[in-house]
1. Rank Ile179, Gln264, Leu141 by how far each Cα sits towards the positive end of the charge dipole of the range 55-288 (+1 on Lys, Arg Cβ; -1 on Asp, Glu Cβ) and give me just the farthest.
2. For labels at Lys47 and Ala209 in the simple 7 Å Cα→Cβ model, what's the distance in nm?
3. For Cα pairs less than 8 Å apart in space and 6+ apart in sequence, what is the mean separation divided by the residue count of the range 131-280, i.e. the relative contact order in percent?
4. So what's the net charge close to Leu171: Lys and Arg +1, Asp and Glu -1, counting the other residues with Cβ under 10 Å from its Cβ?
5. Only loop residues by DSSP count here, and only those with at most 12 other Cβ atoms within 10 Å; note down the chymotrypsin sites (Phe, Trp or Tyr not before Pro) in the range 233-265 that meet that.
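What follows is calculated from the coordinates using simple rules that are stated; it is not laboratory data. Computed from a predicted structure; not experimentally measured. Counting neighbours? That spans all protein chains shown, and the Cβs are built from the backbone with ideal geometry, glycine included.
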Amino acid sequence: MMKRIRLILLPISVMVWSQKSDSTIIVNPPKSQNYTLKDGSVRTYSKPKLFEFITRVPKDFIETNKDFVAKDHAYYLGGAVASTLVLLPFDQKLIDNSRELGDKWGMSADNNYSKVGGLIKIPKDIGAGLYLIGNGSTVVLLGIGFAAYGLIKDDYRAQATASGLMESLILSGVFSQTIKRMTGRESPFIAIENGNSGGHWTPFPGFSAFSSNTSRYDAMPSGHLTTFMSALTVIADNYPDVKWIKPVGYTLAGALAFQMMQSQVHWASDYPLALLMGYFIGKTISKNRYTVSGFNAGTVHYKVNFTASHNFGYNMVGINLSF
């Protein structure tokens, strides 16, 4: 059966169908646990080590890079690059349209927060709340939740998910920051102030320039979307039978993408590479924490298509991801 995710960048909408529910846990003490999924495959998780989310980083970094350039993944990378190029000429118009929509829906152009204890951010409106889901602190909280459950229930899969989430935060930062410092693209709100339609590009800005004027150089790609996508992929890949994870996750990703556009933080063309990086990072991290035996439903193949339409008086550009 063909499954379809539809991501529309302005406005964002997501349609997704996922897989069936819970798996059966079989424990093989003391160092591994087996989980039988609905498709008949059996996953074996070894007991995670305390600091493996750090020690695994170099190996997973190399494997993720290999995945990007693998022959059977050329279509995905080519699709992300092509979609970026397609969106570039429309970036300023899409930002303007999204801001108009945000105004109509009562969304602020600013992401404002209150702080509790000087550390915990409390969003002042729904837009700020959406922006916060791509923040590293959200991934940390998810990791703590999975770790607590895994330790209480002695559940190796939950512990591995917690470890994977922390590692995804590190790798997402490495990949996104590296490309940001290569592209040097202005964020929309700075570009608008400077009268640079679509944002000015300063490839390879100096470290001091980047540090002192970050918003002038760090738009491409979106670090928030990379972080969120990698964390979502880690969770979804470890719990494929929990059918609500992908619909909820992809809907939140779409809402996050729209919020970052209407608040003039990111351009639409900042997203394709972020989504691709997040997916490959999360997939590499999760698959290296379990082995599969028994019946397997097979490899999932993806197809990427571009869409354009005119609705509600606005031009819309989007991506269809079918699988």
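1. Positive-most Cα among the choices belongs to Leu141.
2. 5.3
3. Once divided by the residue count of the range 131-280, the mean separation gives 27 percent.
4. Result for the neighbourhood of Leu171: -1.
5. Trp244
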